[in-house]
Amino acid sequence: MMRPCGRDLFELIPKRELRIDLERAAKVLQKSGFEISERSELVLTIANDQDISVFPNGKIMAFPVKTADEAEKVGNNILGTLEKDKKCIKYL
């Protein structure tokens with residue numbers, strides 16, 4: 001599910017319940033060329049063309065994005081990268 005949360009900000013919520021290991025996700029994303037700007041137990045922030053926040057429950061916030069299609073591409077890119085490492089995402 002995706003919804004706008006303000007001007008140029010979208011929230012992407014996974015259709016399935018899941019958990020993301022943020023520590024492992026940071027390593028996988030860095031190896032794939034993403035720049036990690038903040039890492040904690042609660043959020044992983046990526047600073048590339050957009051500021052992207054990834055939460056343990058799979059929610060992704062992306063800014064700035066102009067359209068729902070652009071937000072969906074951002075989310076699919078992040079989740080697709082994380083799914084390459086089977087231990088990053090646990091589907092519940």
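The values are calculated or read from the model by the stated rules, or taken from the named source; none is laboratory data. None of the values given here were measured: they were computed from a predicted structure. Counting neighbours? That spans all protein chains shown, and the Cβs are built from the backbone with ideal geometry, glycine included.
Please go through the range 64-82 and give me each residue that is part of a helix (DSSP H, G or I), more than 13 Å from the chain's Cα centre (by Cα) and not hydrophobic (A, V, I, L, M, F, W, C), ordered by number.
Asp69, Glu70
Enumerate the strands (runs of 3 or more DSSP E) found wholly within the range 1-44, keeping only those where 1 or more residues are among the hydrophobic types (A, V, I, L, M, F, W, C), closer than 17 Å to Leu82 by Cβ and at pLDDT 90 or above.
9-12, 18-20, 36-39
Looking only at the range 51-92, which residues are of a type in the set (Lys, Arg) and either within 18 Å of Ile36 (Cβ to Cβ) or touching a residue at least 60 places away in the same chain (Cβ under 8 Å) (or both)?
The answer is Lys59, Lys84, Lys87, Lys90.
Can you pull out every residue in the range 71-92 that is of a type outside the set (Gly, Ala, Ser), touching a strand residue (DSSP E or B) at 6+ places or on another chain (Cβ under 8 Å) and surrounded by 15 or more Cβ atoms within 10 Å (Cβ to Cβ)?
Of everything in the range 71-92, those that are of a type outside the set (Gly, Ala, Ser), touching a strand residue (DSSP E or B) at 6+ places or on another chain (Cβ under 8 Å) and surrounded by 15 or more Cβ atoms within 10 Å (Cβ to Cβ) turn out to be Glu72, Val74, Ile78, Leu79, Leu82, Cys88, Ile89.
Inspect all residues belonging to the range 4-20 and state whether any of them is surrounded by 12 or more Cβ atoms within 10 Å (Cβ to Cβ), more than 19 Å from Leu92 (Cα to Cα), free of Cβ contacts under 8 Å to residues at least 24 places away in the same chain and acidic (Asp, Glu).
No; the residues of the range 4-20 include none that is surrounded by 12 or more Cβ atoms within 10 Å (Cβ to Cβ), more than 19 Å from Leu92 (Cα to Cα), free of Cβ contacts under 8 Å to residues at least 24 places away in the same chain and acidic (Asp, Glu).
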